[in-house]
Amino acid sequence: MQGGAGGNGVVSFRREAHVPRGGPDGGDGGRGGDVVLVCDPSRRDLATMRIARHFKAGRGGHGSGARRQGARGDDLEILVPPGTSADGVDGSTYDLVEPGQRAIVAPGGIGGHGNKRFATSTRQAPRFAESGLPGEEGWIELRLRLLADVGLVGLPNAGKSSLLARLTNARPKVANYPFTTLDPVLGTISGDDRQLILADIPGLIEGAAAGAGLGHEFLAHIERCRVLVHLVELAPPEGSPSPLEAYETVRAELSAHGSGLAELPELVLLSKLDLVPAEVAAERRRGFEASLPSEPREARGRDEAREPRGRESLGVIAASSATGAGIEALVRALFSAVPAEP
Ligand SMILES: Nc1nc2c(ncn2[C@@H]2O[C@H](COP(=O)(O)OP(=O)(O)OP(=O)(O)O)[C@@H](O)[C@H]2O)c(=O)[nH]1
Ligand SMILES: [Mg+2]
């Protein structure tokens with residue numbers, strides 16, 4: 001990123017037929033343009049940034065005679081999706097969330113002064129002017145965090161992508177092996193009067209918060225979600241961790257990641273309901289409810305302050321993405337858990 005250079009000031013003297021010995025009249029250079037990030041809701045990713053990597057704003061015009069100031073350099077606007085955060089060349093961080101929000105990440109240089117500015121009573125004919133300053137220059141780092149209402153978390157193969165496909169118009173890749181999902185995928189559920197955006201992220205394994213597997217950078221994507229749906233396989237394959245162990249592993253990673261992830265309201269979704277007999281599912285569900293730490297939302301008084309550490313439990317639902325059982329209850333729970341106003 002490079003802000004435009006400021007234009008140079010100029011040395012010039014007034015020359016007019018009826019004005020003998022005209023004084024200095026060199027104008028100032030114009031300011032260089034800024035490199036500006038602009039939040040554009042129609043963008044979804046930072047793909048354009050992968051193609052073009054060097055960005056330079058316009059240079060300021062040079063000053064000219066008759067005290068004319070140089071033109072200001074053109075700003076270079078880069079459109080980025082909501083959820084982008086950037087470190088400017090001076091090291092400050094910007095979060096672009098609201099449509100139309102702007103962040104000057106590389107300011108243009110200021111224009112040089114023309115000789116008119118340097119005239120004093122003892123130096124009436126300065127024969128010098130300043131050059132414009134170069135614009136600020138440097139690399140900036142852009143990061144995109146998805147802006148989703150609901151984040152799907154769970155061990156690899158828990159059925160997150162299948163659920164996203166069942167609930168939304170998204171068609172993520174689904175397969176019977178861990179780490180099928182390599183990049184976060186978004187999908188939208190439409191309700192009567194509003195929509196919810198769901199984010200499916202790659203499966204989390206032990207140590208994910210510290211960088212194991214694919215987890216680390218993806219955990220950052222769900223920091224801004226308002227609710228987490230934590231998928232746990234009702235009947236994990238032979239030799240895999242039990243549902244409760246699986247649950248605790250993912251919880252530990254959410255806590256280790258920090259940034260408030262562990263405090264988000266959480267709905268536990270016991271997945272692949274079709275694979276177990278109904279009695280077994282009901283039994284495991286009860287077991288889960290009993291072992292969850294905090295009381296359900298309804299039990300708490302309206303004005304009661306939220307405990308700073310405890311998370312809010314939105315209960316336990318068993319469902320099948322294959323047959324659709326339990327899916328309606330899940331959708332209802334999600335719409336009631338996510339407040340309509342952002
Ligand atoms: N029978 C049954 N199988 C399911 C259900 N949901 C998911 N599966 C299967 O479980 C396997 C894993 O599903 P995915 O949706 O890819 O799991 P994931 O959690 O996205 O996995 P990663 O992306 O690897 O973390 C696939 O073979 C799915 O077909 C379900 O409700 N019932
Ligand atoms: Mg997946």
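Annotations for the structure displayed:
- Test: residue in the range 187-201 that is closer than 23 Å to residue 264 by Cβ, part of a loop (DSSP other than H, G, I, E, B) and more than 12 Å from ligand 1 (Cβ to nearest atom): yes
- Going through (1) more than 16 Å from ligand 1 (Cβ to nearest atom); (2) modelled with pLDDT of 85 or more one by one, residue 128 falls short only on (2).
- Unmet requirement for residue 265, which otherwise passes all of (1) modelled with pLDDT under 90; (2) open to solvent by less than 20 Å² (accessible area, probe 1.4 Å): (1)
- Residues of the range 238-262 that are within 14 Å of residue 208 (Cβ to Cβ) and not in a helix (DSSP H, G or I): 258, 259.
- Count of the range 161-170 residues which are under 21 Å from the mean Cα position of the chain (by Cα) and assigned to a loop (DSSP other than H, G, I, E, B): 1
- Scanning the range 89-144 for residues that are touching an Asp or Glu at 6+ places or on another chain (Cβ under 6 Å) and over 20 Å from residue 46 (Cβ atoms) turns up 107, 108, 111, 112, 113, 114, 116.
- Residue match in the range 167-174 (condition: small (Gly, Ala, Ser), within 12 Å of ligand 1 (Cβ to nearest atom) and without any contact (Cβ under 8 Å) to a residue 60 or more places away in the chain): yes
- Test: residue 241 is within 14 Å of ligand 1 (Cβ to nearest atom) and not charged (D, E, K, R): no
- Selection of the range 210-235 for residues being modelled with pLDDT of 85 or more and away from ligand 2 (no atom under 16 Å from the Cβ) yields 223, 225, 226, 227, 234, 235.
- Qualifying residue in the range 214-227 (condition: more than 18 Å from the chain's Cα centre (by Cα), within 15 Å of ligand 1 (Cβ to nearest atom) and open to solvent by less than 40 Å² (accessible area, probe 1.4 Å)): no
- Residue check, residue 152 farther than 30 Å from residue 30 by Cβ and in contact with a Lys or Arg (Cβ under 6 Å, 6 or more places away or on another chain): yes
Residues checked against (1) within 18 Å of the chain's Cα centre (by Cα); (2) among the hydroxyl-bearing types (Ser, Thr, Tyr); (3) within 13 Å of ligand 2 (Cβ to nearest atom); (4) more than 18 Å from residue 322 (Cβ to Cβ):
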{"position": "143", "(1), (2), (3), (4)": "yes, no, no, yes"}
{"position": "154", "(1), (2), (3), (4)": "no, no, yes, no"}
{"position": "159", "(1), (2), (3), (4)": "no, no, yes, no"}
{"position": "172", "(1), (2), (3), (4)": "no, no, yes, no"}
{"position": "176", "(1), (2), (3), (4)": "no, no, yes, no"}
{"position": "183", "(1), (2), (3), (4)": "yes, no, yes, yes"}
{"position": "195", "(1), (2), (3), (4)": "no, no, no, yes"}
{"position": "204", "(1), (2), (3), (4)": "no, no, yes, yes"}
{"position": "208", "(1), (2), (3), (4)": "no, no, no, yes"}
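- Every residue from the range 315-338 that is over 18 Å from residue 275 (Cβ atoms) and open to solvent by 70 Å² or more (accessible area, probe 1.4 Å): 328, 332, 336
- Taking the range 150-180 as the range and being polar (S, T, N, Q), open to solvent by 20 Å² or more (accessible area, probe 1.4 Å) and under 23 Å from residue 224 (Cβ atoms) as the test, only 169 passes.
- Candidates 126, 134 - the one that is more than 16 Å from ligand 2 (Cβ to nearest atom), open to solvent by less than 40 Å² (accessible area, probe 1.4 Å) and over 30 Å from residue 206 (Cα atoms): 126
The values are calculated or read from the model by the stated rules, or taken from the named source; none is laboratory data. What you are looking at is a predicted structure, and each value in this text was computed from that prediction instead of being measured. As a convention, Cβ positions derive from the backbone with ideal geometry for all residues, glycine included, and neighbour counts pool all protein chains shown. Please note that ligands, DNA and RNA were not included when accessible areas were found on the heavy atoms of the full protein model with its side chains. Shrake-Rupley method; radii C 1.70, N 1.55, O 1.52, S 1.80 Å.
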